[in-house]
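Each remark here refers to the structure printed beneath this line.
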Amino acid sequence: MSFETFVKEYRGGILENIHIGQLSCVNGAKEEIYSVGQNHEPVYFRSAAKPFQAIPIFLKGAIEKWGITPEESALFMASQRGELYHQERLQSLIKKLPFKEEQLICAASYPLNEGAKEKYIHERHEKRKLYHNCAGKHLGFLTACLANDYPFENYCDIDHPLQQQIKNCIMNLSEVAEDQLILGVDGCGAPNFAIPLRNMAIAYLKLANPHLIEDEKMRNAVIQIVNLMNGYPNMIASENFICSTLLMDSNIVAKGGAQGVYCFSLKKEKLSFVFKIMNGSEMPWSIIIANLLEQIDYANKETIKNVKAIRSNHIKNDAGVVVGEIVSTIQLFI
C-alpha cells in the first residue's frame, strides 16, 4: 500500500499529528485524472454504499405503492443522527409497512447526536433498533424485499436475492470486475463491498451524471435517489454535518462512510472524488473537501464557506484559546 499525508495538525508551531490517506478523482470520461497515495487496492464503501443499496426499492415502484413520503424515502439512503424529525419519520415509515421493528437486523441503539441522545435518555426511553444510524437502510432492505417478493428472513445474508441484486448494481455502476470486489460485513450487519477507489469514483460520477447509465430503469431509479438526497439533505445526516451541508448544493452528490471514507461528485463539472483517511478519522473530512473545492476553483463559493464552517482549522484548548492549526496538504495540481 502507498499512502500520502493529507492533513497535518500543528500545536505551538510543532507538528503533532498527521492523517494519511489515498484519493482518486475521475472525469466525465471515467478517466482517473488524479491519484494520490493509492495502489488501487480495494477499500470498503461502508455507508457511502447506501445510495446503491437503495436502488432495488426504486426499481419496483415501492414508494408509490406504499404511500411513502419523500422525507421517509430519503431515510433509505441516510446515516440519520436520531434528531426528533428523524425519529418521527422512522416511526411513520414503519407504520406503513407490513413488517415489525424486531425484524431489523441492526442493533438497538440510542439516537446518535449528543443532544438528541441526552434528551432521549432523560425521558427514560430504551434503545430501539428503529433509531440505529442505519435503520433507514434496513427498512429499505425490507421494503425492497416486499416490492420484489423476496423473503424477509436472513435479508442480510450475501446469498439472499436482495444482496445479490445490490452486488450486481454496485458492479454495474462502478464497472468493477468481480475478482476485484471483496466482501465484508458492515457495522450494522449488512454486507459491504470493497472496491478500488477509482471504481468507487466512477459509481459516484454516474449518480451525478445518470445519462452515463445505460439501463433505463436503473437510470430512473438513480435520478429519484439523487433528487431525494438533494431535496432532503438533513434527512441524510443532520444540520452541521458534512453530508447534509454538501447536499444542500444541488450540484453535488455526496455520502460518507465509517472509517474515513468519503465520496462526492460534481454534476456540472463532471468530476468525482473519493478519498479515505487511513486512521479512520472523520475529523479531516470538511477541511479536505474545502481544500479540494478551492483547488478546482469551484464556482459555488457559498458551499465552500459552509463546508469550512463545519470545522475550524484552528486548534483550541479547553478554554477556547487558539493553540494550533489544521492544514490540508493534498495537492492536485503539481
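Among the residues of the stretch 77-95, what is the count of those that are assigned to a helix (DSSP H, G or I) and among the charged types (D, E, K, R)? Please lay out each step first, then the result.
Let us first name the residues in the stretch 77-95 that are assigned to a helix (DSSP H, G or I), namely 77, 84-95.
Next cut, among the charged types (D, E, K, R) only: 88-89, 95.
Residues that pass the stated criteria total 3.
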Open item on the list: Of everything in the stretch 203-220, what is assigned to a helix (DSSP H, G or I) and open to solvent by less than 80 Å² (accessible area, probe 1.4 Å)? Give them in sequence order.
Closed with: Ala203, Tyr204, Leu205, Lys206, Leu207, Ala208, Pro210, Leu212, Met218, Arg219, Asn220
Task: Count of residues meeting criterion [open to solvent by 50 Å² or more (accessible area, probe 1.4 Å) and at pLDDT 95 or above] in the stretch 20-41 - done: 6
TODO: For the stretch 315-334, name all the residues that are of a type outside the set (S, T, N, Q) and within 14 Å of Leu15 (Cα to Cα).
DONE: Ile315, Val323, Gly324, Glu325, Ile326, Val327
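Table: residues versus (1) out of contact with any Asp or Glu (no Cβ under 8 Å at 6 or more places or on another chain); (2) among the acidic types (Asp, Glu); (3) surrounded by 16 or more Cβ atoms within 10 Å (Cβ to Cβ); (4) on the phi > 0 side of the Ramachandran plot.
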| site | (1), (2), (3), (4) |
| --- | --- |
| Phe3 | yes, no, yes, no |
| Phe6 | yes, no, yes, no |
| Arg11 | yes, no, no, no |
| Glu16 | no, yes, no, no |
| Ala48 | yes, no, yes, no |
| Lys65 | yes, no, no, no |
| Glu72 | yes, yes, yes, no |
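Of these, Gly324, Gly256, which one is in contact with a Gly (Cβ under 7 Å, 6 or more places away or on another chain), assigned to a strand (DSSP E or B) and either more than 27 Å from Gln87 (Cβ to Cβ) or open to solvent by less than 10 Å² (accessible area, probe 1.4 Å) (or both)?
Details: Gly256 fails: in contact with a Gly (Cβ under 7 Å, 6 or more places away or on another chain).
When all the criteria are applied, what remains is Gly324.
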Task: Gln163 being part of a helix (DSSP H, G or I), open to solvent by less than 40 Å² (accessible area, probe 1.4 Å) and not aromatic (Phe, Trp, Tyr) - done: yes
Open item on the list: If Ile296 satisfies all but one of (1) open to solvent by 30 Å² or more (accessible area, probe 1.4 Å); (2) β-branched (Val, Ile, Thr); (3) touching a Pro at 6+ places or on another chain (Cβ under 8 Å), what's the number of the condition it fails?
Closed with: (3)
- [ ] Hey, could you check the stretch 100-124 for residues that are without any contact (Cβ under 8 Å) to a residue 12 or more places away in the chain and part of a loop (DSSP other than H, G, I, E, B) and say which is least open to solvent (accessible area, probe 1.4 Å)?
- [x] Glu123
TODO: Taking Ile223 as meeting all but one of (1) among the β-branched types (Val, Ile, Thr); (2) assigned to a loop (DSSP other than H, G, I, E, B); (3) open to solvent by 10 Å² or more (accessible area, probe 1.4 Å), write down the number of the exception.
DONE: (2)
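The values are calculated or read from the model by the stated rules, or taken from the named source; none is laboratory data. Quick caveat, the model's predicted, so the values are computed rather than measured. Here the Cβ is made from the backbone with ideal geometry for all residues, glycine too, and neighbour counts use every protein chain on show. Quick note on the areas: whole protein, heavy atoms, side chains included, nothing else; ligands and nucleic acids left out. Shrake-Rupley method; radii C 1.70, N 1.55, O 1.52, S 1.80 Å.
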